[in-house]
Structure formats: structure tokens, C-alpha cells
Amino acid sequence: MSAPEIIRDPSEWQRRCREARDAGRRIAIVPTMGFLHEGHLSLMREARRRADEGAGQGLSLATIFVNPSQFGPNEDLSRYPRDLDGDLRRCTEVRVDWVLAPDSPWRIYPAGYQTWVEVGEVSRGLCGDRRPGHFRGVATVVAKLFHLSSPHVALFGEKDWQQLQVIRAMVRDLDFGIEVVGMPIVREPDGLAMSSRTAYLSPEERRRALSLSRGLQEAQERAAAGERDPAALAAGAVRRLEEAGARVDYVEVVHPETLRPVERAEPGSRMLAAAWLGGTRLIDNVRLP
Ligand code: AMP
């Protein structure tokens with residue numbers, strides 16, 4: 001297995017990607033902030049598969065960039081976990097061809113940078129309300145990575161459900177002509193959704209964190225048994241989180257695409273939750289049956 005080629009300079013990356021596309025290669029991309037785990041790798045395996053579906057030699061791309069513009073002033077930007085060597089080993093395992101890893105935020109946001117992508121309704125509510133400016137930062141960096149990489153297909157995890165809807169809306173509204181693929185949440189054996197941020201948790205917080213996936217799973221079971229009241233479903237999950245000593249940020253039942261709160265939980269409605277375990281904020285979501 002050969003290690004991916006690591007490219008630091010976005011202009012060089014752009015030139016290489018354009019040449020590859022012009023040469024008829026099918027390009028698939030997975031944007032990440034690094035500290036890769038099985039969730040990221042599942043996206044990269046699917047990117048490899050989809051890139052290789054083309055006629056020419058496929059090109060599987062990953063980007064590793066801790067994007068400052070999607071962090072609020074009091075968030076965890078400075079302590080966000082990083083491990084580029086480990087990430088490159090993992091990218092090798094899943095046969096990523098090239099990795100864009102800008103060595104400084106200035107590579108992406110040079111002096112004088114002033115252009116932002118603002119997605120409307122789906123950016124509001126849920127994480128959009130709790131993290132002002134977050135989705136503006138996400139949409140902007142993803143738009144930029146798309147322009148730099150000219151991919152045919154881009155893969156994102158359903159773990160960040162609202163983010164996935166924001167990107168779908170942006171790609172649709174701005175005619176990017178890129179296929180956006182949402183991939184299922186990869187979980188730890190006990191059910192906790194994998195996240196780079198679980199690295200922050202103490203063993204005690206890690207145990208308590210299980211209340212997040214458990215609470216959502218319980219709501220799924222109650223919905224399967226006929227409970228249709230969103231408030232009742234959410235209240236159960238809130239109770240479980242609070243009993244575990246987590247601080248609830250939100251628990252809501254929403255329409256899966258518009259993200260508007262629903263009056264009645266229907267099959268396909270989505271239950272999204274965010275909660276704090278000590279100083280760590282975790283998110284998760286499930287489809288209601
Ligand atoms: P991040 O590095 O956290 O920005 O995540 C990069 C991509 O990986 C995003 O599309 C995430 O939704 C996705 N991702 C993160 N964790 C998981 C997971 N547990 N299962 C599936 N996808 C994930």
C-alpha cells in the first residue's frame with residue numbers, strides 16, 4: 001500500500017485536481033478536520049469505491065483542515081485534537097490518493113479574505129442557534145474546497161445531520177453539480193457515535209456520554225411502539241441525559257430536510273440532540289421509525 005501524497009498548497013492542489021479531471025479521472029472527496037476515526041474511514045472507503053466507478057483511474061481525495069471560521073470565540077479551536085502522522089497512516093489503509101493538509105489557516109484565508117457563504121433556513125435552529133456563525137464557516141470552507149478540488153462526488157457523515165442539509169442546500173442553490181452522499185453514523189461498540197471530540201472525555205464522562213445515544217435509541221423504540229408526540233419523545237431523552245449528569249443543549253424532533261420542528265413524529269422524522277459532558281459538547285441523531 002502506498003501512502004497518499006500530501007499537498008500543502010491549495011493552488012498546487014487545484015492545478016493537480018483540474019488536470020486529473022480534464023484527463024477523465026473521476027474524483028471523490030472527503031473533507032475532514034483530521035484526528036481520523038472509523039467514521040471518517042467509512043467515508044473514505046466509499047469515496048474510493050465511487051471514484052473507481054468511473055471509466056478512467058479514480059482519484060480519492062481527503063482534506064485535513066481544522067477550519068477556524070467554524071469555531072466560535074469560546075470554542076475548542078486551540079485544543080482541537082491533531083495527529084497528522086496517524087491520519088496519513090489511516091488514509092493509506094483506505095487508499096486515499098492525495099491529502100490536502102494546508103500547513104496554516106492563511107493558506108485558506110489569506111490576508112484580505114472577505115467572502116462568505118451563508119445558507120438560509122436550514123442553518124438556523126439546533127446547532128445553528130447554539131453556535132452562531134458555525135454553518136457560515138462550514139459552508140464557506142466546503143465551497144472553497146469544492147472549487148479547489150473539482151470533485152464529481154463528495155461524502156459527508158449523517159452524524160452531522162444539520163451540516164449535511166446545509167451542504168445539500170448550498171450545492172443545490174449554487175449549482176455546484178456535485179453529487180453529495182450522506183453516509184450512516186459509525187458508532188462505538190456500545191453505541192456512542194464516533195467523534196474526534198470523544199478524545200476530550202474523562203473515563204467518567206465517557207460512561208455518562210452513553211446517555212446521548214441511549215436516549216435517542218429509546219426514543220426510536222418508543223416511536224416504533226406508537227408514540228407520536230415529539231415533546232414526549234424529546235422529554236424521555238432529556239431525562240436520560242440529565243440523570244447521567246449531562247447538560248442538555250437541545251433535543252428536538254424535526255423534518256429530516258427542512259429541519260423544522262414537527263407537530264407529530266412521522267416515519268423518517270429525525271431526532272437530533274446535543275449535550276455537554278463537562279467541557280465537551282457532543283451531538284447525535286437518529287431516524288424515527
Ligand atoms: P469532522 O472531521 O468532524 O469535520 O468530520 C468530517 C466528516 O466525517 C463529516 O462529514 C462528518 O459528518 C463525518 N463523520 C464524523 N464522525 C462520523 C461518524 N461517527 N460516522 C460517520 N461519519 C462521521
Can you give the accessible area of residue 32 in Å² (nearest 10), computed on protein heavy atoms with a 1.4 Å probe?
20 Å²
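Run lengths n ≥ 4 of DSSP H only: what is the helix-derived mean residue ellipticity at 222 nm for the chain, with -39500 (n - 2.57) per run over all residues, to the nearest 500?
Theoretical 222 nm ellipticity from helices: -12000 deg cm²/dmol.
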Report the label-to-label distance for residue 3 and residue 168 in nanometres (one decimal), using points 7 Å from each Cα along the Cα→Cβ vector.
3.8 nm
On C-alpha positions alone, give me the angle between the axis of helix 203-224 and the longest principal axis of the chain, in degrees, nearest 10.
70 degrees
May I ask you to give the solvent-accessible area per residue for segment 1-124, in square angstrom, as obtained with a 1.4 angstrom probe?
51 Å²
So how far apart, in nm, are the two label points at residue 118 and residue 263 if each is 7 Å from Cα heading toward Cβ?
3.2 nm
In whole percent, how big is the carbon plus sulfur part of the accessible area of segment 102-193, probe 1.4 Å, protein atoms only?
51 percent
Hey, got the dipole for segment 174-289? About the Cα centre, +1 on K and R Cβ, -1 on D and E Cβ, debye to the nearest 20?
280 debye
Magnitude of the charge dipole, segment 83-219, Cβ model with Lys/Arg +1 and Asp/Glu -1, debye to 20
240 debye
Scan segment 231-289 for GluC sites (Glu not before Pro) in coil per DSSP, keeping those whose Cβ has at most 15 other Cβ atoms within 10 Å, and list them by number.
257, 263
Working from Cα positions, state the angle (0 to 90°, nearest 10) between the long axis of helix 134-149 and the longest principal axis of the chain.
30 degrees
Between helix 38-51 and the chain: long-axis angle, C-alpha atoms, 0 to 90°, nearest 10:
50 degrees
Using 5 Å bins from zero, what percent of all Cα-Cα pairs in segment 22-125 falls into each bin?
2, 11, 18, 18, 17, 17, 12, 5, 1, 0
Accessible surface of segment 1-66 [probe 1.4 Å, protein heavy atoms]: carbon and sulfur percent:
44 percent
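The values are calculated or read from the model by the stated rules, or taken from the named source; none is laboratory data. None of these values were measured; they are calculated from a predicted model. Every residue, glycine among them, receives a Cβ derived from its backbone with ideal geometry; neighbour counts consider all protein chains shown. Side chains are part of the model used for accessible areas, which takes the heavy atoms of the whole protein and leaves out ligands, DNA and RNA. Shrake-Rupley method; radii C 1.70, N 1.55, O 1.52, S 1.80 Å.
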